Amino acid sequence: MTTTSPLVQDQTATSPAAPWWKGAAIYQIYPRSFADSNGDGIGDLAGITARLDHIASLGVDAIWLSPFYPSPMDDFGYDIADYCGVDPIFGTLADFDALVEKAHRLGLKVTTDLVFAHTSDQHPWFAESRAGKHGDKADWYVWADAKPDGSPPTNWQSVFGGPAWTWDARRGQYYLHNFLSTQPQLNVHNRAVQDALLDVVRFWLDRGVDGFRIDAINFSMHDPELRDNPPAPPSNKVRTRPFDFQQKIYNQSHPDIPLFLERIRALTDQYPGRFTVAEVGGDDALREMKSFTEGEGRLNSAYGFNFLYADRLTPKLVREAADAWPDAPGTGWPSWAFENHDAPRAVSRWTPESVDRQAFARMKMALLCALRGSIILYNGEELGLGQVDIPFELVKDPEALKNWPLTLSRDGARTPLPWVAGAAHAGFSDADPWLPLGPDHAALAVDRQGADPQSMLVHTRRLIALRDANPALRQGANARWVTEGDLLGFDRVTGGQHIRCLFNFGAAPVAIAAHTAGGAAMLTVNGADMEQLPPAGALWLDMKETNDA
């Protein structure tokens, strides 16, 4: 259970010049699974618009829409055939405009996905590029001749399994694809390609979009010399794909990528208040995230996979992730996500065996809302949804199908949201949904939780309101870390406010009296008090500005 008490704060502690996104809470929507308005079993833009009041009730600052563009859906929208349209399964541009209008009326910013490393092979640009070696778009994608023996130009491997090169008989060359063979790699070294992508950014800015999450941007440029990747050093980590056997030096992470990001930033800065955040994965993610957000001329923020692929939540994990982003001049602003459409639900990965899952979900949300940075909630996280076990015959995820059974299907985190506990398909759709709902998800439906003051949903609203009301939580610095066994503690401080946050990640109570002296409880989670944290307990304390940080 959760209790809160008001905390008096210095209203001048947060600079009025701070941009809206700095410390913001952003709600990710996976359109296929959010809400279906037309009864075809697939979520759509009109369904999102109809349910925006739910998102606004959380108190978040913005939404992030996963891809809704025209696509053959080989990778469920991350294979784009037209950057400036809406796929008919999701609606029309008019539906998008209506969504933006209502979101803005509710006080929500709208951010969308940009996928600039590759397109679908159905994109008109690729059709023109593969037609021959001398057309206007001949070098808009990454093409290379076969080796003398007919083998691919390099040893590079794709993320989803198998070589990163596919032979194209029409052009008589191989083309590069870092993901599916139907996702050919754009040649973003080419200035004309950059110009065309900037036109895409401008198109959506002109339609009122407030920002962009840029997908897999560290894959957007390759080594023009086409050098082979060296083998990865020995590791205890299980290798499930050929991709795991290499150091990814030459097929991604080219040093010119930040120069392209500077062009994106220069354009978005022409539209006041816009936000850009990069998704960065891989072995060198931290260095790249810092490079992509360095100074004032690149992206506003970045997030990686510190938490998304972690199989355990530990104090060490949290501290190391936070320490990598000090409150120092020239250092970028981090964003954090515990869940998204590519990773298993965190409560299923992290909850200790003997701890109640909903209790752990409440503690986990309190942790997310206490972190320094902008935070991203994935749809359903506010309900405490767990991972769904999708049987192989219903799996849609192309990565899982290629690497079954060693790769966990991403579908288990993409299942439809439950809206009405007693309705067919929990109110998501009148038709059979594209993926099955979790068998226990109807009991966690929005209507049921909204009527329960002790629910995860109501708890999430309280936490976001507290974060928003207290400058130390929204934008303050980190201080005084405590990592003792399952106990995590850290302080958030700003010019007039000092808040201490304590969490128990384990299944046994933890004594905390040594850390609570002089504090006044402002948030207690799962029965926490000033003496101890029960399993999955959390406590936020007002330490007053006179205390030494």
Matching residues in segment 453-475 - criterion: being β-branched (Val, Ile, Thr) and either within 20 Å of the chain's Cα centre (by Cα) or closer than 17 Å to residue 376 by Cβ (or both):
460, 464
Of the residues in segment 134-149, those that are surrounded by 20 or more Cβ atoms within 10 Å (Cβ to Cβ) and among the hydrophobic types (A, V, I, L, M, F, W, C) come to 140, 142, 143
Can you run down the residue pairs with Cβ atoms below 8 Å, 6 or more apart or on separate chains, where the first is in segment 159-176 and free of Cβ contacts under 8 Å to residues at least 40 places away in the same chain and acidic (Asp, Glu) and the partner is part of a strand (DSSP E or B) and open to solvent by less than 20 Å² (accessible area, probe 1.4 Å)?
168/175
Restricting to segment 403-421, and then to whatever is within 18 Å of the chain's Cα centre (by Cα) and in a helix (DSSP H, G or I), can you tell me which residue is nearest to residue 34 (Cα to Cα)?
413
Does residue 349 meet the test of being crowded, with 17+ Cβ neighbours inside 10 Å, under 18 Å from residue 441 (Cβ atoms), in contact (Cβ under 8 Å) with a residue 40 or more places away in the chain and not β-branched (Val, Ile, Thr)?
no
Show the residue pairs meeting these rules: Cβ distance below 7 Å; 6+ apart or different chains; first residue within segment 424-437 and more than 16 Å from residue 409 (Cβ to Cβ); second residue open to solvent by 40 Å² or more (accessible area, probe 1.4 Å) and among the acidic types (Asp, Glu).
424/430; 431/40
Looking only at segment 303-327, and only at residues there that are of a type in the set (Gly, Ala, Ser) and closer than 22 Å to residue 410 by Cα, the one that is surrounded by the most Cβ atoms within 10 Å (Cβ to Cβ):
304
Looking only at segment 92-107, count every residue that is without any contact (Cβ under 8 Å) to a residue 60 or more places away in the chain and either crowded, with 21+ Cβ neighbours inside 10 Å or assigned to a strand (DSSP E or B) (or both) and tell me the total.
2
Filter segment 45-91 down to the residues that are open to solvent by 20 Å² or more (accessible area, probe 1.4 Å), farther than 28 Å from residue 369 by Cα, charged (D, E, K, R) and over 21 Å from the mean Cα position of the chain (by Cα) and list them by number.
82
Answer yes or no: is there a residue in segment 328-340 that is more than 20 Å from residue 473 (Cβ to Cβ) and open to solvent by less than 40 Å² (accessible area, probe 1.4 Å).
yes
Among the residues of segment 203-219, what is the count of those that are part of a loop (DSSP other than H, G, I, E, B) and in contact with a helix residue (DSSP H, G or I) (Cβ under 6 Å, 6 or more places away or on another chain)?
1
Taking the condition modelled with pLDDT of 95 or more and touching a helix residue (DSSP H, G or I) at 6+ places or on another chain (Cβ under 8 Å), does residue 31 pass?
yes
Can you find a residue in segment 258-274 that is aliphatic (A, V, I, L, M) and in a strand (DSSP E or B)?
no
Among residues of segment 155-178, those that are out of contact with any Lys or Arg (no Cβ under 6 Å at 6 or more places or on another chain) and either assigned to a strand (DSSP E or B) or more than 19 Å from residue 133 (Cβ to Cβ) (or both), counted
16
When the residues of segment 352-384 are filtered to those that are open to solvent by 10 Å² or more (accessible area, probe 1.4 Å) and not hydrophobic (A, V, I, L, M, F, W, C), which remaining residue is farthest from residue 304 (Cα to Cα)?
354
Just give me the residues in segment 265-294 being within 15 Å of residue 254 (Cβ to Cβ) and open to solvent by less than 10 Å² (accessible area, probe 1.4 Å), in sequence order.
278, 280, 288, 292
When residue 400 is run through (1) buried (at least 17 other Cβ atoms within 10 Å of the Cβ); (2) touching a Ser or Thr at 6+ places or on another chain (Cβ under 7 Å); (3) assigned to a loop (DSSP other than H, G, I, E, B), the failure sits at (3)
Number of the exception - residue 161 against (1) of a type outside the set (A, V, I, L, M); (2) within 29 Å of residue 287 (Cβ to Cβ); (3) in contact with a Leu (Cβ under 9 Å, 6 or more places away or on another chain):
(3)
Return yes when residue 255 is more than 21 Å from residue 290 (Cα to Cα), surrounded by fewer than 15 Cβ atoms within 10 Å (Cβ to Cβ) and without any contact (Cβ under 8 Å) to a residue 40 or more places away in the chain and no when it is not.
no
How many residues does segment 185-197 contain that are assigned to a helix (DSSP H, G or I) and open to solvent by 20 Å² or more (accessible area, probe 1.4 Å)?
3
Going through segment 399-423 in order, the residues found to be touching a residue at least 60 places away in the same chain (Cβ under 8 Å) and touching a His at 6+ places or on another chain (Cβ under 6 Å) are 414
Do we have any residue at all in segment 108-117 that's part of a loop (DSSP other than H, G, I, E, B) and open to solvent by 10 Å² or more (accessible area, probe 1.4 Å)?
no
Note on segment 198-232: residues without any contact (Cβ under 8 Å) to a residue 60 or more places away in the chain and surrounded by fewer than 22 Cβ atoms within 10 Å (Cβ to Cβ) are 199, 206, 223, 224, 225, 230, 231, 232
Scanning for something in contact (Cβ under 8 Å) with a residue 40 or more places away in the chain and touching a strand residue (DSSP E or B) at 6+ places or on another chain (Cβ under 8 Å), does segment 357-364 turn up at least one residue?
yes
Tally up the residues in segment 158-184 that are open to solvent by 20 Å² or more (accessible area, probe 1.4 Å) and touching a Ser or Thr at 6+ places or on another chain (Cβ under 7 Å), please.
5
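The values are calculated or read from the model by the stated rules, or taken from the named source; none is laboratory data. Please read these numbers as outputs of a predicted model, since none were measured by experiment. So basically every Cβ, Gly included, is an ideal-geometry build from the backbone, and we count neighbours across all protein chains shown. The protein model used for the area step is the full one, side chains on, heavy atoms only, and it has no ligands, DNA or RNA in it. Shrake-Rupley method; radii C 1.70, N 1.55, O 1.52, S 1.80 Å.
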